[in-house]
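S.K.: Below you'll find the structure I mean.
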Amino acid sequence: MDKMWAGRFGKQLDERVNDFNSSIRFDCRMAEEDISGSIAHATMLAKQGIIPWQDCDKITQGLEQIRKDLLCGALAIDESAEDIHMFIEAELTSRIGDAGKRLHTSRSRNDQVALDLRLYLRKEAAEIKSLIISLADTLIDIASKHTRTVMPGYTHLQRAQPITFAHHLCAYAEMLVRDVTRLDNTVSLMNECPLGSCALAGTTYDIDRDFTASRLGFDRPCGNSLDGVSDRDFVMQLASDLSIASVHLSRMAEEIILWCSWEFKFIELDDAYATGSSIMPQKKNPDIAELIRGKAGRVIGDNMSLLVMMKGLPLAYDKDMQEDKEAIFDACDSVKLCVSTLIPMLATMTVNKGNMLKAGNKGFINATDCADYLVKKGLPFRTAYKVVGTLVAVCSDQGLTLDTLPLQEYKKACELFDEDVYEAIELINCVMRRCSKGGPAPQAVEEEIKALRAALDLKRSK
Ligand code: ARG
C-alpha cells in the first residue's frame with residue numbers, strides 16, 4: 001500500500017522498516033475509540049462550516065459501517081498498515097471517496113492517538129475498577145462468616161497476637177478500596193481532551209474544542225497543544241495504580257500459597273484452582289496463586305518501561321511514545337486476568353478453622369494479653385513484660401504453653417497472678433477484648449465491614 005505521505009518520498013519504505021515502524025498489531029484494539037473520535041471530529045468540522053454536512057454524514061455512516069464490519073469480522077485488519085488510524089482512514093476513503101479525505105482536516109495523528117489512548121484507558125480503568133470492587137465484595141462476604149474464626153496474626157512471619165480470619169481478609173479489602181480510589185483519581189485527571197492540539201501547534205481553522213470534548217465525555221479540552229500531544233502522565237499514572245494493585249494481589253497470593261502448604265493448612269483450594277504434579281502423585285500445587293504473585297513483576301516492569309520511555313523526551317510528540325501502548329495494555333490485561341481468577345478462587349476455597357486455632361494455641365500469641373493482665377492489676381507494663389518473658393522461657397523448657405502452665409508457676413513469677421489468668425489469656429477472649437477501632441474483635445470487624453460496604457457502594461455509584 002502507498003503511504004499516506006508518499007508524495008514527498010522517492011522510494012517505498014524498506015519492508016523490514018515498515019514492520020518495525022508499524023504499530024497496528026497492538027493499536028488495533030483502539031479501533032472503536034478511533035472511530036468514535038473521528039465521528040466527533042467530523043461533526044465538529046461540519047458544525048463549524050469547515051467541511052460540508054453532506055461529507056460529515058458520509059464520514060459518519062462510513063465509519064459506523066467500518067465499526068460493524070470490524071466487529072463481525074467482515075473487515076480484516078491489514079497488518080501492513082502503519083497504524084489503526086491510517087488503516088481506518090484509508091478504508092474509509094476507499095469506501096466513500098473524497099469525503100473521506102476531508103476527515104483529517106485540522107487534525108494530526110498526534111492528537112488522534114493521544115485521544116484514542118485516553119478513551120481506551122478510561123474504559124479499561126472502569127472495567128478494572130469494577131473487577132477490583134467485586135474482589136473486595138468477595139473478601140468481605142467471606143470475612144463476614146469468620147468474625148469469630150481465631151487465627152494467629154504475624155509479624156516477621158512469626159506468630160504474634162491473636163486476630164480473626166475476618167480481620168485479616170478485611171485488611172486486603174482496605175487495600176482494594178484504596179486501589180479503586182487511585183483509579184478514580186487517575187480517570188479524573190486523564191479526563192481532558194487533547195483533540196484540536198493537532199500536530200503540536202493547534203490550528204488555523206475555527207474549531208470548537210469544547211464541543212468535541214463534551215461529545216466524547218471529557219470534562220474539558222486540555223489547556224496547551226504541546227502538552228496535549230506529548231502528555232502521557234495518564235498512562236504512567238494508570239500503570240503506577242496497577243503496579244500498586246498487583247503488589248496487593250501478589251501479597252494476597254503469597255498468603256494463599258503459604259496457607260495451603262502443609263506447614264499451615266489454614267485453607268484448601270478447590271480442585272478447579274490448583275494443579276497436580278507430573279511426578280509426585282500427592283501434590284496439589286497452588287500454581288494459579290503463584291502466577292498471580294508472579295504477574296506483579298510484569299506489571300511493575302510495564303510501569304518502569306513507561307517511565308523510562310518518557311524520561312528526557314523533548315516536547316512535543318516523539319515516536320518513542322508509540323511504545324506506551326504495549327506496556328500499558330499488558331499491565332491492564334494482566335491485572336484483569338489476575339483479579340478475575342482470584343475472585344472464584346477465593347470464593348471456592350475451604351477454610352480450616354481448626355488448624356487456624358491450633359496454630360494460635362502454639363507460639364504464645366497471648367503473651368501480650370498475659371502482660372496486660374498484670375498491668376490491669378497495677379504492674380507497670382515493662383515489669384509485666386519481663387515477668388511474662390520468664391514464664392514463656394519456663395513453658396518452653398517444660399514443653400508447656402501459657403494456657404497449660406500450673407498456677408503455682410505463675411505465682412512464683414508474680415504474686416498478682418490468680419485463677420482468672422486462664423480466662424484472660426484464652427484466645428477468643430483475647431480477641432474479644434481487642435475492640436479498639438480497626439481491631440480484630442468481632443464487633444470492631446463488623447463495624448469495619450459496614451464501613452467497607454458503604455465505601456464500595458459509593459465507589460460503585462460514581
Ligand atoms: N502509531 C503512532 C503512535 O502510536 C501514532 C502517532 C504517529 N504520529 C507521527 N507523527 N508519526 O504513537
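The values are calculated or read from the model by the stated rules, or taken from the named source; none is laboratory data. Just so it is clear, the structure is predicted and the values come from calculations on it, not from any experiment. Here the Cβ is made from the backbone with ideal geometry for all residues, glycine too, and neighbour counts use every protein chain on show.
S.K.: Check off (1) of a type in the set (Gly, Ala, Ser); (2) assigned to a loop (DSSP other than H, G, I, E, B); (3) more than 16 Å from the ligand (Cβ to nearest atom) for Gly100 and give me the number that stays unchecked.
M.R.: That leaves (2) as the condition not met.
S.K.: For the range 103-130, give me each residue that is of a type in the set (Val, Ile, Thr) and away from the ligand (no atom under 16 Å from the Cβ).
M.R.: If the condition is that a residue be of a type in the set (Val, Ile, Thr) and away from the ligand (no atom under 16 Å from the Cβ), then Thr105, Ile128 are the ones that fit.
S.K.: Exactly one condition in (1) surrounded by fewer than 22 Cβ atoms within 10 Å (Cβ to Cβ); (2) more than 28 Å from Leu337 (Cβ to Cβ); (3) without any contact (Cβ under 8 Å) to a residue 40 or more places away in the chain is false for Ser188; which is it?
M.R.: (2)
S.K.: Any idea which of (1) part of a helix (DSSP H, G or I); (2) of a type in the set (A, V, I, L, M); (3) without any contact (Cβ under 8 Å) to a residue 24 or more places away in the chain is the one Ala74 doesn't satisfy?
M.R.: It fails just one condition, (1).
S.K.: Here's a follow-up. Collect the residues in the range 433-462 that are part of a helix (DSSP H, G or I), of a type outside the set (Gly, Ala, Ser), within 18 Å of Thr149 (Cα to Cα) and at pLDDT 95 or above, keeping them in residue-number order.
M.R.: If the condition is that a residue be part of a helix (DSSP H, G or I), of a type outside the set (Gly, Ala, Ser), within 18 Å of Thr149 (Cα to Cα) and at pLDDT 95 or above, then Pro442, Gln443, Val445, Glu446, Glu447, Glu448, Ile449 are the ones that fit.
S.K.: Next question. Residues in the range 81-121 that are farther than 22 Å from Arg209 by Cα and of a type in the set (A, V, I, L, M, F, W, C): how many?
M.R.: Here the count works out to 8.
S.K.: Out of all the residues in the range 45-90, which are hydroxyl-bearing (Ser, Thr, Tyr) and within 16 Å of the ligand (Cβ to nearest atom)?
M.R.: The one that is hydroxyl-bearing (Ser, Thr, Tyr) and within 16 Å of the ligand (Cβ to nearest atom): Ser80.
S.K.: If we scan the range 277-286, do we find a residue that is more than 16 Å from the ligand (Cβ to nearest atom) and part of a helix (DSSP H, G or I)?
M.R.: Scanning the range 277-286, I find no residue that is more than 16 Å from the ligand (Cβ to nearest atom) and part of a helix (DSSP H, G or I), so the answer is no.
S.K.: Looking at the range 8-30 only, could you name the residues that are within 13 Å of the ligand (Cβ to nearest atom) and among the small types (Gly, Ala, Ser)?
M.R.: Matches in the range 8-30: Ser22, Ser23.
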